[in-house]
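Scroll down for the structure; my scribbles are underneath it.
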Amino acid sequence: MPFPQPLRAVVTGAGSGLGRALAVELAQRGASLIISDINPSSAEETAELVRQQQARAEAIVCDVTDRNAVFGLVEETEKRLGGIDLIANNAGVAIGGPFDEISIEDWRWAVDINLWGVIYGCQAAVPKMLAQGHGYILNVASAAGLIGPPSMSAYNVTKAGIVSLSETLYAEYKTQGINVAVLCPTFFRTNLIGAIRGATTKKEDARVIRWMERSKVQAPGVAKSAIDSVRDGKLYVQPMREGRMAWRLKRANPQRFYDSLSRAHQQFLRGRRTP
């Protein structure tokens, strides 16, 4: 089914990367948008790109770790656009490294942004959507939330939480007119590595950047898959073939899957000790 017109949407973390791509994709489909980011200049840059698509866009600064700020963002979206049809809970950060080397402060940082930010967005949007009888919620997780690779414990936990939340909300609200989708991509070009925390090395960060650059599916393609899926009522969005294959392998034989990951991780650790 097509989106209702006009489509009124808000995207968090929309100042760059996937958030910007989601905003532009929605603009190309005729949406009016609230562009939200913690960085005001980045939010305004995305808003200008949206306006170039002949779509309405307003930029609002929001720190998703602040529940009142997220609720205020949704209220402001309703006030400025006359309602809210779609929320994309996209704001997120990267954190990596061995579990025993990640500080509790970095754990809290990741959970506050990646998980609580999404929870707040859903809490704020669901009552509005129930009242009007329809709505779309797109929660941005990661393939890491489905397969839990080593040396990514804090990131995995936050993204698995988003997957679980999305599955629950899908089941609770599907029959009440709210489509919920969870986006689980693998690597593609973003700005996450530039602000990564945890206990990764420069060598490891450089390898991730190479994987991002080599991906055949980049942010615009990820955004298109995500918007198509939430529109069509699909719960899981997995734009990359390797992510879909890994998830199938895990579900087919979880023990064997994690035994294989453990062996691969031991090889990784030997390489980690090599200058």
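Look at (1) surrounded by fewer than 24 Cβ atoms within 10 Å (Cβ to Cβ); (2) within 20 Å of the chain's Cα centre (by Cα); (3) of a type in the set (Asp, Glu) and you find that GLU58 fails only one, number (2). Quick one: count up the residues across the range 6-27 that are of a type in the set (Lys, Arg) and either at positive phi or in contact with a Cys (Cβ under 8 Å, 6 or more places away or on another chain) (or both). Summing the residues that are of a type in the set (Lys, Arg) and either at positive phi or in contact with a Cys (Cβ under 8 Å, 6 or more places away or on another chain) (or both) in the range 6-27 gives 0.
Looking across the range 137-187, the residues that are part of a helix (DSSP H, G or I), within 18 Å of LYS250 (Cα to Cα) and among the polar types (S, T, N, Q) come down to SER153, ASN156, SER164.
For GLU101, the criteria (1) farther than 22 Å from VAL182 by Cα; (2) modelled with pLDDT under 95; (3) under 18 Å from the mean Cα position of the chain (by Cα) hold in every case but one, which is (3). Restricting ILE38, ILE87 to residues that are crowded, with 23+ Cβ neighbours inside 10 Å, among the β-branched types (Val, Ile, Thr) and over 30 Å from LEU269 (Cβ atoms) narrows the list to ILE87.
Each row is one residue, and each column tells you yes or no for (1) hydrophobic (A, V, I, L, M, F, W, C); (2) under 14 Å from the mean Cα position of the chain (by Cα); (3) surrounded by fewer than 23 Cβ atoms within 10 Å (Cβ to Cβ).
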position: ASP106; (1), (2), (3): no, no, yes
position: ALA131; (1), (2), (3): yes, no, yes
position: HIS134; (1), (2), (3): no, no, yes
position: ILE137; (1), (2), (3): yes, yes, no
position: VAL140; (1), (2), (3): yes, yes, no
position: SER153; (1), (2), (3): no, no, yes
position: VAL163; (1), (2), (3): yes, yes, yes
position: LEU169; (1), (2), (3): yes, no, yes
position: LYS174; (1), (2), (3): no, no, yes
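Among the residues making up the range 230-246, those that are over 14 Å from the mean Cα position of the chain (by Cα), under 21 Å from SER164 (Cβ atoms) and assigned to a helix (DSSP H, G or I) are GLY243, ARG244, ALA246. When GLU76 is tested against the conditions (1) closer than 16 Å to GLY121 by Cα; (2) under 18 Å from the mean Cα position of the chain (by Cα), the lone failure is (2).
Identification of strands (runs of 3 or more DSSP E) wholly contained in the range 1-115 with 2 or more residues that are free of Cβ contacts under 8 Å to residues at least 60 places away in the same chain and β-branched (Val, Ile, Thr) yields 32-37, 57-61. For the range 226-248, the set of residues classified as surrounded by 12 or more Cβ atoms within 10 Å (Cβ to Cβ), hydrophobic (A, V, I, L, M, F, W, C) and either under 12 Å from ALA143 (Cβ atoms) or touching a Leu at 6+ places or on another chain (Cβ under 8 Å) (or both) consists of ALA226, ILE227, VAL230, VAL237, MET240, ALA246, TRP247, listed by residue number.
Among the residues examined, ARG210 qualifies as over 25 Å from LEU49 (Cα atoms), modelled with pLDDT under 95 and either part of a helix (DSSP H, G or I) or not β-branched (Val, Ile, Thr) (or both).
The values are calculated or read from the model by the stated rules, or taken from the named source; none is laboratory data. Every value quoted in this text rests on a predicted model; they were computed, and no experiment measured them. Counting neighbours? That spans all protein chains shown, and the Cβs are built from the backbone with ideal geometry, glycine included.
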